[in-house]
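Q: Just passing along the structure, written as structure tokens.
No value in this document is a laboratory result; all are computed from the given coordinates. Remember, predicted model here, so these are calculated numbers, not experimental data. Methodologically, a virtual Cβ is constructed for each residue, glycine included, from the backbone with ideal geometry; neighbour enumeration extends over all protein chains shown.
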Amino acid sequence: TAQLLFHKNNVSLMISAMHFDPIQIREGERFYDIGGLYCRGFELNKSVAGIELQTDFTLPGLAIEAKGQKLPLKDLSGTVQLKKKQLSGKLQFSPQTVPAHLQVDFSHDLTTASGNVQVETDRAINLNADGDSLANLLTSWSYPFNLDGGKVSLKADGAWDPDEKLKLSTLVSVTDGRGYYKKMLFNGLDVRQDLVVLPRLYSRSKGRFSLGQLIGGI
């Protein structure tokens, strides 16, 4: 059901539910395959103060492809709100092939074109089950390392502004990791690193690194 209301300089559109068929979006070298979109509680308001929008949404699946690599996601849901030219939202999702659940909070000011985003795992990613591997995250995995055991936690913060370079920092924690680097196998990896990635790479605080065993050829 939908309601369209007019009151002086105010126009409001309220829709109880909307459904969109699967679509593909291209942005430069990136492709987004969206497996349908369901919105509930969609509200759009136009007044002298500007446009306001609020909705809750769910996506059964989303695949992001760029430069020959694909990241498939599932169980996406969240809330998006536009108020006083401030776009904000919360999003939850899981990778299709890795036992992880992530949360995203973002905010973007349409007037200043500046904003920030935070991404974090709500609990440690457990790679100790048979067949679980960090390399399953992307198709194809083209990096010289992999984790197929241990627990991983991640938190990333980003910020952007037209007058400054993109900022990105990340806090990564690995406990009892197992995997390989090039032709060497390792286990008992414990890492905690708080890094600034952009605009230049450096450590924001003293980190921790220890390794139980390294196995390589001579």
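Q: Please report the projected area of the stretch 124-194's Cα convex hull averaged over all directions, in nm².
A: Quarter of the Cα hull surface area: 6.1 nm².
Q: A further question follows. Can you tell me, using C-alpha contacts under 8 Å and at least 6 residues apart, the relative contact order of the chain as a whole percent?
A: Dividing the mean separation by the residue count of the chain yields 10 percent.
Q: Ratio to report: Rg/Rh of the stretch 1-48, with Cα atoms as the point set and Rh obtained by the Kirkwood method; give two decimals.
A: Radius of gyration relative to Kirkwood radius: 1.19.
Q: What are the extents of the Cα atoms of the chain along their three principal axes, listed from largest to smallest and rounded to whole Å?
A: Principal extents (largest minus smallest coordinate, Cα): 80, 38, 31 Å.
Q: By how many nm would the segment from residue 84 to residue 14 lengthen if fully extended, with 0.36 nm per residue of separation less the alpha-carbon distance?
A: 23.3 nm
Q: Return a whole-number percent for the relative contact order of the stretch 1-123, with Cα pairs under 8 Å and 6 or more residues apart as the contact set.
A: Relative contact order, the stretch 1-123: 15 percent.
Q: Just to verify a number: FRET efficiency for residue 94 and residue 32, C-beta to C-beta distance, R0 = 22 Å, to 0.05?
A: The formula returns an efficiency of 0.80 here.
Q: Going from the alpha-carbon gyration tensor of the stretch 64-133, what semi-axes, largest first and in whole Å, does one get by taking the root of 5 times each eigenvalue?
A: 29, 14, 10
Q: Additional query: Figure the gain on full extension for residue 56 and residue 193 (residue separation times 0.36 nm, minus the Cα-Cα span) and round it to one decimal in nm.
A: 45.8 nm is the gain from fully extending residue 56 to residue 193.
Q: If one computes P(r) from the Cα atoms of the stretch 28-104, what percent of pairs lie at distances over 15 Å?
A: When all Cα pairs of the stretch 28-104 are counted, 63 percent exceed 15 Å.
Q: Determine the percent antiparallel among the DSSP beta bridges restricted to the stretch 153-218, to the nearest 5.
A: The antiparallel proportion sits near 100 percent.
Q: Using r as the Cβ-Cβ distance of residue 208 and residue 185, and R0 as 30 Å, what FRET efficiency do you calculate, to the nearest 0.05?
A: For R0 = 30 Å, the calculated efficiency reads 0.90.
Q: Using a 10 angstrom cutoff on alpha carbons, build the Gaussian network for the chain and name the most mobile of 81, 24, 118.
A: 24
Q: Related question: Given points 7 Å out from each Cα along the Cα-Cβ axis, report the residue 154 to residue 141 separation in nanometres with one decimal.
A: 1.3
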